[in-house]
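S.K.: One structure, pasted below without further comment.
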Amino acid sequence: MLERLTYVNEETGYTVARVATGRGSDLLTVVGALLGAQPGESLRLQGWWSSHPQYGRQFAVLSYTTVLPATIQGIRRYLGSGLVKGIGPVFAERIVAHFGLDTLQIIEDQPGRLVEVPGLGPKRTAKITAAWAEQKAIKEVMVFLQGVGVSTSIAVRIYKKYGDASIDVVRHEPYRLAADVWGIGFKTADTIAQAVGIPHDSPQRVKAGLQYTLSQATDNGHCYLPTPHLVADAVKILDVPAGLAISCLDELAGEEGVVRESLPGPDGPVPAVYLVPFHRAEQSLASSVLRLLGDRTDRMAQFTGVDWGRALTWLKARTGTDLAPEQQQAVRLALTSKVTVLTGGPGCGKSFTVRSIVELAAAKKAKILLVAPTGRAAKRLAELTGQPAATVHRLLKLQPGGEPTYDRDTPLDVDLLVVDEASMLDLILANKLIKAVPPGAHLLLVGDVDQLPSVGAGEVLRDLLAADGVPRVRLTQVFRQAADSGVVSNAHRINAGRPPVLQGMSDFFLFPCDDTEATAALTVDVTCTRIAKRFGLDPRRDVQVLAPMHRGPAGAGALNILLQQQLTPAREHLPERRVGGRVFRIGDKVTQIRNNYDKGVAGVFNGTVGVVTALSTDEQTLTVRTDEDELIDYDFDELDELAHAYAMTIHRSQGSEYPAVVIPITTSAWMMLQRNLLYTAITRAKKLVVLVGSRRALAAAVRTVGAGRRHTALTHRLNVDRHP
């Protein structure tokens, strides 16, 4: 009988478990792919005995079959294991006490009788019956998928997507899984395809591999790939001849699975290949911007004949501060041009300029909407301007499936739309947003173009700045009060390729440490203890650890484990939930790692941060309060959408601001050490930056200009359509 699961890797299904054999009191260790097995089940295991140097004798499982438990204790363990939603250990005890050895047969054949058990009303009984039926169906799918090497969590997801058709899809169209099921990439689908007998050189496989290669490129920020790059990358993944990849690419283009287009490049035409949604979005975004720029109507015509001297005098009386000449230019442009881009580094007065634009627009009774890509950035924008601000997703009211309520046919009712942290806008989101701006309205995009580009594909802010016909202002003057800050002055030094000043700063420090693991330990000490002592900041609420990469001893993954041990350690009698290598507890700081349009009021989006406020092992749900103050429930089988957020990668921190930022910087992150990465991390801090790690790694980051530009054609589309 399976007594307990010691370790489960959700990705591979590799499990370490303890079993009782009934031949004596000692538990045996078994290891292997025990997909879907639950404590309390009786298992028939096939495999072999082996000896582990550290853990001793253990049984390596090759395959297993489940035999439903036949003892009272077994049934109790089986039902109380969390297998069936609505039955935890307490109800398992009551049900088994009432029905004894007949329990499982009654749940199967006469579930209505469950109401006989004290405390089980019709509502919970119905829930248990439905969960039992689903579990049985999943079990059948699991048994099939086990044979083709799929992990439990993925099997559950496949079942949720296709239901009774799961086995049919997996057997005949396994590459559909990569497109349809979150968490399954081409490699998993390819392993399954191999197991169900799809040939290595099948056109179905090669076409799926080409689309996967393009999809990976969009994950890395590119909107398209040049044909030679695409073919070379796909051939590497697929291990097929280039000729086969090229003929399958021709087929894909014929089936409209991809779009091919010749684009101008520095050395002649570039044969570009796009996934369809990205080609559509780039064309649509360019035409939306040009439509706004060329529109004859003006919803803010009251600013065409304004006496700017009087307007600026009135503004100074309101704010108590003069605008610098470049700020004045930005104010005038935003209120008289249909599209304006405002960029500049920290301390250059972007925020004050935005506030001034909003003050003047409000004085003329304009309808103003303020948006930012993240909840935190929207909150900050609202505080700055005194006007309500929303995230882009909430403003557009995205529906399940991701389609916006507002679009070109149903535009927003707005005269001035201000978008802050615009460097975070990726191509797909920018297209949805700008499509919804009505004719004659003014669009102001504000952001720091020297920060990292968006996590999603595209370089929208940079491409707009590079386009000939888009009005823009770059603020360059650092104001005196900002120049006194080590955070601001060092951000500008790093952006210019000069090393930061580390002596005599009250808000910018380096704790030198050359060993990577020691750097991780020191990062935790600085975050949890030293900053709190010296500055009185709360390590969970006010301090954010930002790592250049996820992997490695000082990466965000390892640091999250160390920080969780300090800030929310395991406590007896407090519930927790293990998912693969992660454990979730009440009080944990977490972040959403995929867009889920079906959760919450208007979806929950990649990068949303929150705190776990409740966790029920009976109901198998966990509740998160997000930084937008919304309570979101997650079923236990959805927890792979969450990651801990005590530490996060610098890429994931874009658009957020924190009182204090701690940045571990080690030579093991060598590939990631780039100037715009470090600059982005430092500009996330409002009051304090602490670098922990190697001086050599710091020097390398300052010295290294970021990787080459992304493959995008937005600037080209804006310029071509403007000058045919």
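The values are calculated or read from the model by the stated rules, or taken from the named source; none is laboratory data. Just so it is clear, the model here is predicted, and its values are computed rather than measured. For neighbour counting, all protein chains shown are included, and Cβ atoms are generated from backbone atoms with ideal geometry for every residue, glycine included. Surface accessibility is based on the protein's heavy atoms, side chains included, excluding ligands, DNA and RNA. Shrake-Rupley method; radii C 1.70, N 1.55, O 1.52, S 1.80 Å.
S.K.: Go through the stretch 628-645 and give me each residue that's open to solvent by 10 Å² or more (accessible area, probe 1.4 Å), closer than 28 Å to PRO548 by Cβ and not in a helix (DSSP H, G or I).
M.R.: GLU628, ALA643, HIS644 - these are the residues of the stretch 628-645 that are open to solvent by 10 Å² or more (accessible area, probe 1.4 Å), closer than 28 Å to PRO548 by Cβ and not in a helix (DSSP H, G or I).
S.K.: Scan the stretch 297-316 residue by residue and report those that are in contact (Cβ under 8 Å) with a residue 40 or more places away in the chain and surrounded by fewer than 15 Cβ atoms within 10 Å (Cβ to Cβ).
M.R.: Across the stretch 297-316, the qualifying residues are THR297, TRP314.
S.K.: Only one of (1) under 25 Å from HIS651 (Cα atoms); (2) in contact with a Ser or Thr (Cβ under 7 Å, 6 or more places away or on another chain); (3) open to solvent by 50 Å² or more (accessible area, probe 1.4 Å) is not met by THR613, so which one is it?
M.R.: Exception for THR613: condition (1).
This table checks each residue for (1) surrounded by 14 or more Cβ atoms within 10 Å (Cβ to Cβ); (2) modelled with pLDDT under 85; (3) not aliphatic (A, V, I, L, M).
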position: VAL8; (1), (2), (3): yes, yes, no
position: ALA17; (1), (2), (3): yes, no, no
position: LEU34; (1), (2), (3): yes, yes, no
position: GLN38; (1), (2), (3): yes, yes, yes
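Let's see how each residue does on (1) open to solvent by 20 Å² or more (accessible area, probe 1.4 Å); (2) assigned to a strand (DSSP E or B); (3) in contact (Cβ under 8 Å) with a residue 24 or more places away in the chain:
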| residue | (1), (2), (3) |
| --- | --- |
| LEU537 | yes, no, yes |
| ARG541 | yes, no, no |
| VAL545 | no, yes, yes |
| LEU562 | yes, no, yes |
| GLU572 | yes, no, no |
| GLY587 | no, no, yes |
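S.K.: Sort out which residues of the stretch 383-408 are polar (S, T, N, Q) and open to solvent by 70 Å² or more (accessible area, probe 1.4 Å), and write them in order of number.
M.R.: Across the stretch 383-408, the qualifying residue is only GLN399.
S.K.: Looking at VAL259, VAL341 in this structure, which one is of a type in the set (Val, Ile, Thr), closer than 22 Å to GLU421 by Cβ and surrounded by 17 or more Cβ atoms within 10 Å (Cβ to Cβ)?
M.R.: VAL341
S.K.: Related question: Among the candidates GLN503, GLN477, which residue alone is more than 19 Å from LEU688 (Cβ to Cβ) and not β-branched (Val, Ile, Thr)?
M.R.: Criteria check complete, one pass: GLN477.
S.K.: Return yes or no: is THR66 modelled with pLDDT under 75, surrounded by 12 or more Cβ atoms within 10 Å (Cβ to Cβ) and closer than 27 Å to LYS161 by Cα?
M.R.: Judged against the criteria, THR66 is a match.
S.K.: Now for a separate question. Would you say THR227 is open to solvent by 20 Å² or more (accessible area, probe 1.4 Å), at pLDDT below 90 and in contact with a Leu (Cβ under 8 Å, 6 or more places away or on another chain)?
M.R.: no
S.K.: Also, I was wondering about something else. Which is open to solvent by 40 Å² or more (accessible area, probe 1.4 Å) and outside any loop (DSSP other than H, G, I, E, B), of THR529, THR519?
M.R.: Within the list THR529, THR519, the selection yields THR529.
S.K.: Being closer than 21 Å to TYR597 by Cβ, in a loop (DSSP other than H, G, I, E, B) and touching an Asp or Glu at 6+ places or on another chain (Cβ under 7 Å) is the filter here; which residues of the stretch 395-450 pass it?
M.R.: Once the filter is applied, which keeps residues that are closer than 21 Å to TYR597 by Cβ, in a loop (DSSP other than H, G, I, E, B) and touching an Asp or Glu at 6+ places or on another chain (Cβ under 7 Å), the stretch 395-450 yields PRO400, ALA436.
S.K.: Let me ask something additional. Which one of these is surrounded by fewer than 21 Cβ atoms within 10 Å (Cβ to Cβ), in a helix (DSSP H, G or I) and modelled with pLDDT under 90: ARG380, ARG376, ARG355?
M.R.: Answer to the selection: ARG380.
S.K.: Continuing with this model, one more query. Answer yes or no: is there a residue in the stretch 619-636 that is of a type in the set (A, V, I, L, M), in contact (Cβ under 8 Å) with a residue 60 or more places away in the chain and under 23 Å from GLN654 (Cα atoms).
M.R.: no
S.K.: Scan the stretch 281-296 residue by residue and report those that are of a type outside the set (D, E, K, R) and either over 17 Å from LEU333 (Cα atoms) or open to solvent by 60 Å² or more (accessible area, probe 1.4 Å) (or both).
M.R.: Within the stretch 281-296, ALA281, GLN283, SER284, LEU285, ALA286, SER287, SER288 qualify.
S.K.: Mind checking which residues of the stretch 329-347 are in a helix (DSSP H, G or I) and hydrophobic (A, V, I, L, M, F, W, C)?
M.R.: Passing the criteria: ALA330, VAL331, LEU333, ALA334, LEU335.
S.K.: Based on what the data block shows, is GLN674 of a type outside the set (A, V, I, L, M), within 29 Å of ARG534 (Cα to Cα) and surrounded by 17 or more Cβ atoms within 10 Å (Cβ to Cβ)?
M.R.: no
S.K.: Name every residue in the stretch 317-338 that is crowded, with 21+ Cβ neighbours inside 10 Å, within 23 Å of VAL460 (Cβ to Cβ) and not hydrophobic (A, V, I, L, M, F, W, C), in order of residue number.
M.R.: If the condition is that a residue be crowded, with 21+ Cβ neighbours inside 10 Å, within 23 Å of VAL460 (Cβ to Cβ) and not hydrophobic (A, V, I, L, M, F, W, C), then LYS338 is the only one that fits.
S.K.: For VAL455, only one of the following conditions fails: (1) modelled with pLDDT under 90; (2) open to solvent by 50 Å² or more (accessible area, probe 1.4 Å); (3) outside any loop (DSSP other than H, G, I, E, B). What is its number?
M.R.: (3)
S.K.: Restricted to the stretch 177-204, and to residues that are at pLDDT below 90 and more than 15 Å from LEU145 (Cα to Cα), which residue is least open to solvent (accessible area, probe 1.4 Å)?
M.R.: Once the filter is applied, the top-ranked residue is PHE186.
S.K.: Suppose the filter is hydrophobic (A, V, I, L, M, F, W, C), more than 27 Å from the chain's Cα centre (by Cα) and either farther than 22 Å from VAL455 by Cα or assigned to a helix (DSSP H, G or I) (or both); does LEU252 pass it?
M.R.: yes
Conditions tested, residue by residue: (1) among the aromatic types (Phe, Trp, Tyr); (2) modelled with pLDDT of 75 or more.
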position	(1), (2)
VAL90	no, yes
GLY112	no, yes
TRP132	yes, yes
GLN146	no, no
SER153	no, no
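S.K.: Then there's this: Out of all the residues in the stretch 494-506, which are open to solvent by 20 Å² or more (accessible area, probe 1.4 Å) and not polar (S, T, N, Q)?
M.R.: Listed by number, the residues that qualify are ALA496, GLY497, ARG498, PRO499, VAL501, LEU502, GLY504, MET505.
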